[in-house]
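Chemist: Once you've had a glance at the structure underneath, I'll fire off some questions.
Derivation of every value follows stated rules applied to the coordinates shown; laboratory data play no part. Keep in mind that this is a model prediction, so the values were computed, not measured. FYI the Cβ positions are ideal-geometry reconstructions off the backbone, even for glycines, and counts take in every protein chain you see.
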Amino acid sequence: MKALVTGGAGFIGSHLSERLLKSGHQVWVIDDLSTGRLANIAHLQSHPSFHLAVETILNETVMDRLVSECDVIYHLAAAVGVELIVKRPVETIERNILGTEVVLRLAKRYLRKVLITSTSEIYGKSEKVPFDEDDDRVLGPTTRSRWSYSSSKAIDEFLALAYYKEKKLETVIMRLFNTVGPRQTGQYGMVIPRFVKQALSGEPITVYGDGGQVRCFTYVDDVVDAAIKLMESPAAIGQVFNIGNDQSITIAELAKKIKALTNSSSEIVFIPYDKAYEQGFEDMRIRVPNLSKAKRTIGYEPKIQLDEILHKVVEHFRQNEM
Ligand code: UDP
């Protein structure tokens, strides 16, 4: 099987590419290195079945060739990270919507199955626990730029479902909840790499808001397992799936856990959202996935729990990033 991985030099894309190569597939990666890093795929570059195009997915000439040569498409290229989204909203909206449009149009031309990576941001600030795939979305106003991410990914989902319904293109949507693991950087706001780096360097650990917001963290290998199973499952076609871990923790507890795990002397400080992001920033209070549809359809069960995830991330930071 020849797989095209858009965003393959990113955190999740690089882990997926590695796994596909290990399973004997040929892998083509396209990545513009906007948030992806060559260092993430340096260890794959000499593999005979690995091919890299440093290019944007908006380049239709290059994308046309890549899509025509592959069998399946894992579409991960997107603007990511709440901090980046708030700082550069034009890029977020354009890249997410136009990029997915190119991928789907070319997939239709060559009849290639596509896995679209979406996000739990889709649910917005709904406080329902847990989130089911068919739940209503609750979003803030367009004047708050955070919601542009949720809306841009929702357009991607609508488009993928429309291509399936109207044009019989095989599409599958995976809605990822907070995913973590080695190679994720804290540069774009993600909380675990930030806290780990802060703890290891003795800087203050910055909890935003009152720290009572709840998240569930998934290890990247569990996400990679799910992506491959969703791609291989005929029952998943034309469907949306939550992929995550349903073990929850507040961000204040997370800060304490990371401080203890690293034996850090860092102080835990609380920073108002207005200062951390922008005036009027709205956060999600609680975000927990219902995983029963993924379990039913592809036997999905997250294998790695938070303590082990934190150990792995701390180890990665100690060895590579500090
Ligand atoms: N967060 C925090 N300190 C940081 C970075 C993030 O307290 O330095 C909080 C953030 O406000 C959110 C949670 O941690 O409530 C998870 O943030 P992340 O950006 O990792 O993912 P999100 O769930 O917002 O997509």
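Chemist: May I ask you to sort Lys303, Lys229, Lys153, Lys87 by Cβ crowding, counting other Cβ atoms within 10 Å and putting the fewest first?
Modeler: Fewest to most other Cβ atoms nearby, the residues stand as Lys303, Lys87, Lys229, Lys153.
Chemist: Here's another thing I want to ask about it. Assign unit charges at the C-beta atoms only (+1 for Lys and Arg, -1 for Asp and Glu), then state the dipole size of the chain relative to its Cα centre in Debye, rounded to the nearest 20.
Modeler: In total the dipole reaches around 300 debye.
Chemist: I would also like to ask the following. Of Ser49, Tyr300, Phe177, which is farthest along the charge dipole of the chain in the positive direction, counting Lys and Arg as +1 and Asp and Glu as -1 at C-beta?
Modeler: Ser49
Chemist: Along the charge dipole of region 230-306, Cβ charges K/R +1 and D/E -1, which of Ile286, Phe241, Ser265 sits furthest on the positive end?
Modeler: The Cα lying farthest towards the positive end belongs to Phe241.
Chemist: Further question: Test of the criteria: in region 263-313, which GluC sites (Glu not before Pro) are in a DSSP loop and have at most 12 other Cβ atoms within 10 angstrom of their Cβ?
Modeler: Filter output for region 263-313: Glu267.
Chemist: Could the peptides 171-180, 88-97 be put in order, highest first, of the mean number of other beta-carbon atoms found within 10 Å of their residues?
Modeler: Numbers: 171-180: 23.8, 88-97: 17.6.
Highest to lowest by the protection proxy: 171-180, 88-97.
Chemist: Based on the alpha-carbon gyration tensor of the chain, what equivalent-ellipsoid semi-axes (square roots of 5 times the eigenvalues) come out, in whole Å, largest first?
Modeler: 30, 22, 19
Chemist: Report, to the nearest 10°, how far helix 220-232 tilts away from the longest principal axis of the Cα atoms in the chain, using its own Cα long axis and a range of 0 to 90°.
Modeler: Helix 220-232 sits at roughly 20 degrees to that axis.
Chemist: List the residues, sorted by chain then number, that are 5 or more residues from Leu52 or on another chain and whose placed amide H is less than 5 Å from its amide H.
Modeler: The answer is Val29.
Chemist: Starting from the Cα gyration tensor of region 58-130, take the square roots of the eigenvalues, sort them a ≥ b ≥ c, and report rounded, prolate or oblate (rounded when a/c is under 1.5, otherwise prolate if a/b is larger than b/c, else oblate).
Modeler: On the way: a/c = 3.28, a/b = 1.69, b/c = 1.94.
Oblate is the answer for region 58-130, as a/c is 1.5 or above yet b/c matches or exceeds a/b.
Chemist: Using the count of nearby Cβ atoms within 10 Å as a rough guide to exposure, how do Met190, Met63 rank from fewest to most? It would help to have the intermediate numbers written out before the result.
Modeler: Working: Met190 19, Met63 24.
With the sparsest Cβ surroundings first, the list reads Met190, Met63.
Chemist: Oh, and also: Divide by every residue of the chain the summed helix terms, -39500 (n - 2.57) for each DSSP H run of at least 4, and state the resulting mean residue ellipticity at 222 nm, rounded to the nearest 500 deg cm²/dmol.
Modeler: Taking each H run of at least 4 residues, the total per residue is -12500 deg cm²/dmol.
Chemist: Could you tell me which of rounded, prolate or oblate describes region 122-175, using a ≥ b ≥ c as the square roots of the eigenvalues of the alpha-carbon gyration tensor, with rounded for a/c under 1.5 and, failing that, prolate when a/b is larger than b/c and oblate otherwise?
Modeler: The shape class here is oblate.
Chemist: In addition: How would Thr6, Thr56 line up from fewest to most surrounding beta-carbon atoms within 10 angstrom?
Modeler: So the ranking, lowest neighbour count to highest, is Thr56, Thr6.
Chemist: Continuing with the same structure: With a 10 Å radius around each residue's Cβ, average the other Cβ atoms per peptide and rank 239-252, 126-139, highest first.
Modeler: Details: 239-252: 20.4, 126-139: 14.5.
Top of the packing list down: 239-252, 126-139.
Chemist: Here's a follow-up. Given the C-alpha centroids of region 36-79 and region 136-209, what is the distance between them in whole angstrom?
Modeler: Their Cα centres are 21 Å away from one another.
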